[in-house]
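A short write-up of the structure that comes next.
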Amino acid sequence: MHSEGDYQDFQREALPHSEALYSFAVYLSRDRELAKDLVQETYLRAWQSWKSFQPGTNCKAWLFTILRNLYINRYRHQQREPEILPYDEHEEESLSPLPEISAPSVEAEFYRTVLDDEIVHALHALPESFRTIVILCDIEELSYNDVAQMLGIPIGTVRSRLHRARMRLAVLLQEYAQQRGWHTPYQQPRQR
């Protein structure tokens, strides 16, 4: 049973991370509705396990780990049991094609408002494991240790992947930097 103090601690420690959790859930699932479900389930699981949370540790990383594990479990479950829909011939005849409507994802909206298109394209050109590390370390500003625990990899692997991801981004964005007058380690400053 949780006490009133537990409830207040949960509100203070966990609830402020809802937007970051939602953004990460959209990034993982690419589906806004599923992302909402994942965040709700994450908070439910976090509340159920609140007694096991160690005060003074990074609550955001703990919540991200719960969310990521929920997503992985849901994905694995879907892979094992594909959805079976009943077939109805009359239903097929009565349906007219609907126009495709695509709402921008939170990730896309974030990138659009904060990052230029060139940077977004460069991020998407990275392998998934590199892109995840960049998002968690550089955008969400989680520590290497927290990311390592969250992804279940050694801290050295986090550092290595982040370094390699940043190097790839530097190469992909070299022309972008030059256009803005920034000097990259790959070029010499222009002589005047």
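The values are calculated or read from the model by the stated rules, or taken from the named source; none is laboratory data. Everything numeric in this text was worked out from a predicted model, so none of it was measured. Every residue, glycine as well, gets a Cβ built from its backbone with ideal geometry; the counts of neighbours run over all protein chains shown. These area figures cover heavy atoms from the full protein model, side chains too; ligands, DNA and RNA do not enter into them. Shrake-Rupley method; radii C 1.70, N 1.55, O 1.52, S 1.80 Å.
Considering each residue of the stretch 95-154, count those that are of a type in the set (A, V, I, L, M, F, W, C), at pLDDT 75 or above and in a helix (DSSP H, G or I), and give that number.
Going through the stretch 95-154 one residue at a time, the tally reaches 15.
From the residues in the stretch 167-192 that are open to solvent by 100 Å² or more (accessible area, probe 1.4 Å) and more than 25 Å from Thr132 (Cβ to Cβ), which one is modelled with the highest pLDDT? Show your work before the answer.
So the first thing to find is which residues in the stretch 167-192 are open to solvent by 100 Å² or more (accessible area, probe 1.4 Å), and the list is 168, 175, 179, 182-183, 185, 188, 190-192.
With more than 25 Å from Thr132 (Cβ to Cβ) added as a condition, the list becomes 175, 179, 182-183, 188, 190-192.
Values: Glu175: 77, Gln179: 74, Trp182: 69, His183: 63, Gln188: 45, Arg190: 46, Gln191: 48, Arg192: 42.
Across the stretch 167-192, the extreme among qualifying residues is Glu175.
Show the residue pairs meeting these rules: Cβ distance below 9 Å; 6+ apart or different chains; first residue within the stretch 65-83 and under 26 Å from Glu140 (Cα atoms); second residue modelled with pLDDT of 85 or more and surrounded by fewer than 14 Cβ atoms within 10 Å (Cβ to Cβ).
Thr65/Gly152; Ile66/Ser49
On the basis of being under 21 Å from Phe24 (Cα atoms), at pLDDT 85 or above and open to solvent by 70 Å² or more (accessible area, probe 1.4 Å), does Arg164 make the cut?
On the way: under 21 Å from Phe24 (Cα atoms): no; at pLDDT 85 or above: yes; open to solvent by 70 Å² or more (accessible area, probe 1.4 Å): yes.
Criteria not met by Arg164.
When the stretch 136-161 is examined, which residues are found to be crowded, with 20+ Cβ neighbours inside 10 Å and β-branched (Val, Ile, Thr)?
Val147, Val158
Do any residues in the stretch 1-30 that are farther than 15 Å from Pro55 by Cα have Cβ atoms under 7 Å from those of residues that are open to solvent by 20 Å² or more (accessible area, probe 1.4 Å) and modelled with pLDDT under 80, where the two are at least six apart or on different chains, and which pairs are they?
Cβ pairs passing all conditions: Tyr22/Val106; Ser23/Val106; Ser23/Phe110; Val26/Ser105; Val26/Val106; Arg30/Ser105.
Of all residues in the stretch 120-166, count the ones that are touching a Ser or Thr at 6+ places or on another chain (Cβ under 7 Å) and more than 18 Å from Asn69 (Cα to Cα).
Qualifying residue count, the stretch 120-166: 1.
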